[in-house]
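**Q** Have a look at the structure that comes next, please.
The values are calculated or read from the model by the stated rules, or taken from the named source; none is laboratory data. Quantities reported herein were computed from a predicted structural model and do not represent experimental measurements. Cβ: placed from backbone, ideal geometry, glycine included. Neighbour counts: every protein chain shown. Quick note on the areas: whole protein, heavy atoms, side chains included, nothing else; ligands and nucleic acids left out. Shrake-Rupley method; radii C 1.70, N 1.55, O 1.52, S 1.80 Å.
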Amino acid sequence: MSCPGGFAVTPLSSDRRLRYQDWVAGKRQRVRELTGGRAGYLHIPDMMGEGWAHFHRDLRVEMAQEALVVDVRSNRGGHVSELVIEKLARKIIGWDIPRWMTPSTYPRDAPRGPIVALADENAGSDGDIVTAAIRILGLGPVVAPAPGAG
């Protein structure tokens, strides 16, 4: 389909990913409102390539907050839970302060404060093990919101 100015527009076969990103943005905004901008929010829709990509894309910005909400509700399972837990279990042991550049944590992508995990009965296989690992490793509480609390 051509548009004025010579642009080519290719319609999406599905708007699922756009709706998902909008849903995540709304949850992230709500977490920011409720915490005065102090907590990050990560939703992990599955433990496969797409879920890892969503998790990793937002990781640095969200982990830079004072606290982190990790939402694995309705996680469809998969096989990358070990990678997710490895990132969440990191502890900051120092700071890299290069000249004329922005300081960063060592190791990178480590949470700066407490973690709270949101879980529900709809999380599949690797979604379940992530919440169990968060609890076992003492990374933070696992909370199951009341049905419909969203």
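**Q** Out of the residues in segment 114-150 that are part of a strand (DSSP E or B) and either open to solvent by less than 40 Å² (accessible area, probe 1.4 Å) or in contact with an Asp or Glu (Cβ under 6 Å, 6 or more places away or on another chain) (or both), state the one that is farthest from Arg30 (Cα to Cα). Outline the logic, then answer.
**A** We begin by selecting, within segment 114-150, every residue part of a strand (DSSP E or B); these are 115-118, 142-143.
When the remaining residues are screened for being either open to solvent by less than 40 Å² (accessible area, probe 1.4 Å) or in contact with an Asp or Glu (Cβ under 6 Å, 6 or more places away or on another chain) (or both), the result is 115, 117-118, 142.
Numbers: Ile115: 17, Ala117: 16, Leu118: 14, Val142: 19 Å.
Step by step, filter segment 114-150, then rank; the result is Val142.
**Q** Let me ask something else. With respect to Glu66, determine if the residue is acidic (Asp, Glu), in contact with a Gly (Cβ under 9 Å, 6 or more places away or on another chain) and open to solvent by 70 Å² or more (accessible area, probe 1.4 Å).
**A** Criteria met by Glu66.
**Q** A follow-up question, please. Check off (1) open to solvent by 70 Å² or more (accessible area, probe 1.4 Å); (2) in contact (Cβ under 8 Å) with a residue 12 or more places away in the chain; (3) in a helix (DSSP H, G or I) for Lys87 and give me the number that stays unchecked.
**A** Lys87 satisfies every listed condition except (1).
**Q** Answer with yes or no whether Arg30 is of a type outside the set (Val, Ile, Thr), without any contact (Cβ under 8 Å) to a residue 24 or more places away in the chain and open to solvent by 60 Å² or more (accessible area, probe 1.4 Å).
**A** It is true that Arg30 is of a type outside the set (Val, Ile, Thr), without any contact (Cβ under 8 Å) to a residue 24 or more places away in the chain and open to solvent by 60 Å² or more (accessible area, probe 1.4 Å).
**Q** Which of the numbered conditions does Pro111 fail, given that it passes all the others? Conditions: (1) touching a helix residue (DSSP H, G or I) at 6+ places or on another chain (Cβ under 6 Å); (2) over 25 Å from Arg32 (Cα atoms); (3) of a type outside the set (Lys, Arg); (4) assigned to a loop (DSSP other than H, G, I, E, B).
**A** Result: Pro111 fails condition (2) only.
**Q** Also, I was wondering about something else. Identify all residues within segment 74-86 that are under 9 Å from Asp46 (Cβ atoms) and more than 14 Å from the chain's Cα centre (by Cα); write none if there are none.
**A** If the condition is that a residue be under 9 Å from Asp46 (Cβ atoms) and more than 14 Å from the chain's Cα centre (by Cα), then Arg76, Gly77, Gly78 are the ones that fit.
**Q** Same structure again: On the given criteria, is Ala53 open to solvent by less than 60 Å² (accessible area, probe 1.4 Å), assigned to a helix (DSSP H, G or I), over 25 Å from Ala146 (Cα atoms) and among the small types (Gly, Ala, Ser)?
**A** yes
**Q** Only one of these is loosely packed, with under 13 Cβ neighbours inside 10 Å, of a type in the set (Asp, Glu) and either closer than 27 Å to Gly37 by Cβ or within 13 Å of the chain's Cα centre (by Cα) (or both): Asp71, Asp58, Asp96. Name it. Before you say what the answer is, go through the steps one by one.
**A** Numbers: Asp71 fails: loosely packed, with under 13 Cβ neighbours inside 10 Å; Asp58 fails: loosely packed, with under 13 Cβ neighbours inside 10 Å.
One residue alone meets the criteria, Asp96.
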